[in-house]
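See structure below.
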Amino acid sequence: ETIKGNGTFINGEKGTIKKFDVLKKTMVSFNTKKNLKLYEVLLNIGDKISRVRLFGCPCYGFMLVAKGCIDAYVLIGNKKYDIEPGLLACKEAGAICYQDNICTIVANSDEIVELLKKEIYKVFKED
């Protein structure tokens, strides 16, 4: 349950993002749309972070960040119905949120957001 200005609660517990430690220990989740460009991004960040997870459900990815289970979630492609509920939950849990025409990123630090943006834009260029 998320109420704007009142926080995010997951199974009755207050959602809080994971505390950022170091980039090399970061776990990032991506959506798994069948997009070959996404795999190029994964190869580019593989040596900079600890682990990459692939999930097919945006709501689940957003909630993992809001609950503090993972450090960041990236959704390539922006469908409002996929984004809005999870984005609000992550904001209320304290996540840093970035959104544009190519992707939505929620993370526990600016450092992760900047790394992900840099690697994504090497592969996905706005037309």
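The values are calculated or read from the model by the stated rules, or taken from the named source; none is laboratory data. Worth saying up front: this structure is predicted, and the values here are computed from it rather than measured. Heads up, the Cβs are rebuilt from the backbone with ideal geometry, glycines too, and the neighbour counts pull from every protein chain shown. Heads up: the accessible areas ignore ligands, DNA and RNA and are worked out on the full protein's heavy atoms, side chains in. Shrake-Rupley method; radii C 1.70, N 1.55, O 1.52, S 1.80 Å.
How many of the residues in region 10-45 are open to solvent by less than 40 Å² (accessible area, probe 1.4 Å) and not hydrophobic (A, V, I, L, M, F, W, C)? Steps first, answer last, please.
First pass over region 10-45, keeping only residues open to solvent by less than 40 Å² (accessible area, probe 1.4 Å): 10, 15, 17, 23, 26-31, 38, 41-42, 45.
Add one more test, that the residue is not hydrophobic (A, V, I, L, M, F, W, C), and what stays is 15, 26, 29, 31.
Number of matching residues: 4.
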Looking at the structure I just gave you, is Cys90 free of Cβ contacts under 8 Å to residues at least 40 places away in the same chain and surrounded by 16 or more Cβ atoms within 10 Å (Cβ to Cβ)? no
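When you look at Ile49, is it β-branched (Val, Ile, Thr) and either in a loop (DSSP other than H, G, I, E, B) or surrounded by fewer than 22 Cβ atoms within 10 Å (Cβ to Cβ) (or both), yes or no?
On the way: β-branched (Val, Ile, Thr): yes; either in a loop (DSSP other than H, G, I, E, B) or surrounded by fewer than 22 Cβ atoms within 10 Å (Cβ to Cβ) (or both): yes.
It is true that Ile49 is β-branched (Val, Ile, Thr) and either in a loop (DSSP other than H, G, I, E, B) or surrounded by fewer than 22 Cβ atoms within 10 Å (Cβ to Cβ) (or both).
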Taking region 103-123 and keeping only residues that are open to solvent by less than 20 Å² (accessible area, probe 1.4 Å) and more than 17 Å from Val28 (Cα to Cα), one is left with Val123
